[in-house]
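The values are calculated or read from the model by the stated rules, or taken from the named source; none is laboratory data. Just so we're clear, the structure is a prediction, and the values are computed from it rather than from any experiment. Please note: Cβ atoms are built from the backbone with ideal geometry, for glycine as well, and neighbour counts cover all protein chains shown. Quick note on the areas: whole protein, heavy atoms, side chains included, nothing else; ligands and nucleic acids left out. Shrake-Rupley method; radii C 1.70, N 1.55, O 1.52, S 1.80 Å.
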Amino acid sequence: MSRRLGAALAAALVLQSAAPVAAAFFDVLYIKANVGESAGGHSAVRFADDVYHFQNDAAGLLHLRRTPDRHFRWIYAVLQNRTIHVARVEVSSAAYDQLRAAFNRRFLLHDAHTRILHAHTRDRALLDALIDTAHTNRVPFPLRGAGLFAETPSAAEAQLPLALAPLRARVSARYGPTFVQKRIATLRSRLRLLEPTAALRQPRVAKDIHPAPDLRFSERYEALGQQILALDILQRPRPLAAGVLLDPGKGANAVPDTALSPALREQLQRFAERTEERLVALAGSDGPNWGFALLLGMARLEAIRSAQAAGRLIMLDGFPDDARAIERAAVVRRQRYLRELADEADAGFVRARTRLLDADPVTEREFVRFEAATNRRVELWRGTHRGHPVRMAADPLLPAKRASVPVLPTLARTGVELRRDLESAQTARDSYTRALRDAFGYHLLEANCATEIFALIESTLDRPEAPHPLGGHIEPTSGLHFIPALAHQAVLATWHVTAVGEIPSYRRTRVDTMYEDESRAAVYLRESNRLTSTVYRANDTDAFFLFFTDDDVPLRPLYGLANVAAGTGQALWGALRAPFDRGATLRAGLSGIAFSLPELLWINLRKGTFEYGHDHVDRLMPTMRVPPPQRPPSRPTP
């Protein structure tokens, strides 16, 4: 019996070892060259819906970014108008999990260091502000969310908030009538005794050590300031600040389809009730970041009550104060294009409203989507129908108006101590920046967007005694792997690539669609140059050129010669205008020449970019196919 059992177990082990390992895949992306950032091309990897890619900043640091796949395509394929080549790499499920976890850990580590470096800068700004205003009751250090409410309570009954008095009553009922007043006193005492020691700490910097999640000096100051302000507003209700509400208007000037239907009114009421309950809990919270959440929640609650009273869709204005605006003159010139954007904003608003009406219960996530969709729709409608400037900002749209606060106490530190703190904080920041450059510094040949991907993958899957999980090693700094195009060829030639494909650029997709519906000759003649193109629109990012050369290889040198001549003409004109525009036209002309010269050798770099483009992201998806046999990588094809 024991022999039979032993034989059965042995057979089972043999079968188990022979069974195929469950397979998974990730995508290696090569983004072709264009003007702007990553002008020589870019590299990235995609795991499911997350794209990881390294980018260098002005300080010389290389950061790993994690971008949702759809937004990545929006940035690179639409706005930057680049074709993206895809190589699908097969790997075991275990190796896939290892790689995805490694990239996510590195992203979180870089994100933490970015936050700390930003906080270092804010520490210095706060100490400067404290020194300059040592004997005043207002520190010019803007707090996030502080600009949502008016600075002082209103004496006018008509301006009293509709939502805050009932909220204050519920807080008093739960925690006691003196709770808010006592807690404000406690928080003011903590802020007064706050010391800048957190501004002087420097975490250890290494690629495999995550910094401790301690709040910096400026972060503690801001958190306490937000908490004090939020409770002060709850204790002494005041109206929302001017310009905080986005009101679609009424009568003939109203944005259409913004009246509150009975169903929408009911859903907003349900969300308001859930929000009020959450705010009552926040008022007694012990966490560090409840102050901003309470400020924003109270402002949203007040906006909902205003909407219910007016019978129309009134929301908080979510556009940041520094949002880029298309001015009136440009709005008039680009009406057709903005109407396309407005149509898509209308469709997005309808989708968000439908999700909100169908939600049970209405979550904050669904409300935030609806709030952002309403903001974009109202903004674009006013631009296209009233000629107003149109603000543009990336998601998420979060109402977080900053302002300084007069109700905060002065720190219990002398001017001499604060100046010493400032010097120490500057030294700490300089030391921290040097450590970051040593660990995560950008280097064109040894540490860039391509080499760091290979380095992270190789360090994660380093198994000298076993076959390489991807099919072979790619040394990050050997050969020409720092060039994204050649790095992609190395992937095709070395790893288990089971499919390849490409995500076409925005302009190419639009032109290909025109070829299907119109005369090819007419489309070619119209869309091959920037002067008559209906897809491309000139912008400040692109230097002057005449012809697009990315989709016309045979005539590329001829078109390139025309582009060089156009750039030369602009440079000569810029030399004459230099005293008046500080050399901007001259620099644009020289840039145009630089990006046109490679076209004489059949090499295309410039493809034209878009400041904003309507939503073709979902149409820009790769068509995958089995890859052809690969030769060893030779030279790049930009």
| query | Among the residues of the stretch 68-93, how many are of a type outside the set (Phe, Trp, Tyr) and under 18 Å from Tyr536 (Cβ atoms)? | reply | 8
| Subset of the stretch 104-122 [open to solvent by less than 40 Å² (accessible area, probe 1.4 Å) and hydroxyl-bearing (Ser, Thr, Tyr)] | none
| modelled with pLDDT under 90, out of contact with any Ser or Thr (no Cβ under 8 Å at 6 or more places or on another chain), open to solvent by 60 Å² or more (accessible area, probe 1.4 Å) and of a type outside the set (Val, Ile, Thr) - does that describe any residue in the stretch 264-275? | no
| task | Could you list, in sequence order, all residues of the stretch 230-264 that are touching a strand residue (DSSP E or B) at 6+ places or on another chain (Cβ under 7 Å) and outside any loop (DSSP other than H, G, I, E, B)? | result | Ile233, Leu240, Leu245, Leu246, Ala259
| message | I'd like the full set of residues that are modelled with pLDDT of 95 or more and closer than 14 Å to Phe271 by Cβ, limited to the stretch 348-362. | response | Ala352, Arg353, Arg355, Leu356, Leu357, Asp358
| said: I need a count of the residues in the stretch 307-336 that are hydrophobic (A, V, I, L, M, F, W, C), closer than 17 Å to Ala163 by Cα and touching a helix residue (DSSP H, G or I) at 6+ places or on another chain (Cβ under 8 Å). | reply: 5
| request: Quickly run through the stretch 394-434 and pick out the residues that are open to solvent by 30 Å² or more (accessible area, probe 1.4 Å) and basic (Lys, Arg). | output: Arg402, Arg413, Arg419, Arg420, Arg429, Arg434
| said: Could you check the stretch 171-199 and list, in sequence order, the residues that are more than 19 Å from Pro288 (Cβ to Cβ), open to solvent by less than 70 Å² (accessible area, probe 1.4 Å) and either basic (Lys, Arg) or not in a helix (DSSP H, G or I) (or both)? | reply: Gly176, Thr178
| So Pro633 clears everything in (1) at pLDDT below 75; (2) under 25 Å from Arg73 (Cβ atoms); (3) open to solvent by less than 60 Å² (accessible area, probe 1.4 Å) except one condition, right? Which one? | (2)
| note | Of the candidates Ala101, Ala112, the one satisfying the condition of being farther than 20 Å from Ala394 by Cβ and free of Cβ contacts under 8 Å to residues at least 60 places away in the same chain is Ala101
| Quick check, is Leu590 over 12 Å from Phe544 (Cβ atoms), modelled with pLDDT of 90 or more, open to solvent by 40 Å² or more (accessible area, probe 1.4 Å) and in contact with a helix residue (DSSP H, G or I) (Cβ under 8 Å, 6 or more places away or on another chain)? | no
| request: Looking for whichever is part of a helix (DSSP H, G or I), closer than 25 Å to Ala39 by Cα and among the aliphatic types (A, V, I, L, M) here; the options are Leu531, Leu558. Which one fits? | output: Leu558
| query | Ala394 versus (1) in a helix (DSSP H, G or I); (2) modelled with pLDDT under 95: which is the lone unmet condition? | reply | (1)
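Would you point out which residue out of Thr509, Thr549 is touching a residue at least 24 places away in the same chain (Cβ under 8 Å) and in a helix (DSSP H, G or I)? First the steps, then the outcome.
Working: Thr549 fails: in a helix (DSSP H, G or I).
Sole residue among the options that is touching a residue at least 24 places away in the same chain (Cβ under 8 Å) and in a helix (DSSP H, G or I): Thr509.
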| field | Elements of type helices (runs of 4 or more DSSP H) in the stretch 284-379, at least 1 residues being open to solvent by 20 Å² or more (accessible area, probe 1.4 Å) and over 30 Å from Ala403 (Cβ atoms) | value | 328-333, 335-358
| query | If you scan the stretch 435-453, which residues turn out to be assigned to a helix (DSSP H, G or I) and either of a type in the set (Phe, Trp, Tyr) or open to solvent by 60 Å² or more (accessible area, probe 1.4 Å) (or both)? | reply | Arg437, Asp438, Phe440
| task | Output the residues belonging to the stretch 486-506 that are touching a residue at least 60 places away in the same chain (Cβ under 8 Å), open to solvent by 10 Å² or more (accessible area, probe 1.4 Å) and farther than 16 Å from Asp552 by Cα. | result | His488, Gln489, Leu492, Ala493, Trp495, His496, Val497, Thr498, Ala499, Val500, Glu502
| task | Scan the stretch 63-84 for residues that are in a strand (DSSP E or B), surrounded by fewer than 22 Cβ atoms within 10 Å (Cβ to Cβ) and in contact (Cβ under 8 Å) with a residue 60 or more places away in the chain and jot them down. | result | His63
| remark: If we keep only residues of the stretch 565-587 that are among the aliphatic types (A, V, I, L, M) and surrounded by 19 or more Cβ atoms within 10 Å (Cβ to Cβ), then the residue nearest to Asn34 (Cα to Cα) is Ala566
| said: Can you tell me which residue is modelled with the lowest pLDDT among those in the stretch 200-222 that are among the hydrophobic types (A, V, I, L, M, F, W, C) and open to solvent by 10 Å² or more (accessible area, probe 1.4 Å)? | reply: Leu200
| Looking at Leu264, Leu234, Leu260, which one is touching a helix residue (DSSP H, G or I) at 6+ places or on another chain (Cβ under 8 Å), in contact (Cβ under 8 Å) with a residue 12 or more places away in the chain and closer than 20 Å to Leu148 by Cα? | Leu234
| query | Can you pull out the residues in the stretch 38-54 that are of a type outside the set (Gly, Ala, Ser) and under 10 Å from Cys449 (Cβ atoms)? | reply | His42, His53, Phe54
| Whichever residue in the stretch 229-253 is open to solvent by less than 20 Å² (accessible area, probe 1.4 Å) and more than 30 Å from the chain's Cα centre (by Cα) and, among such residues, is nearest to Asp286 (Cα to Cα) | Leu231
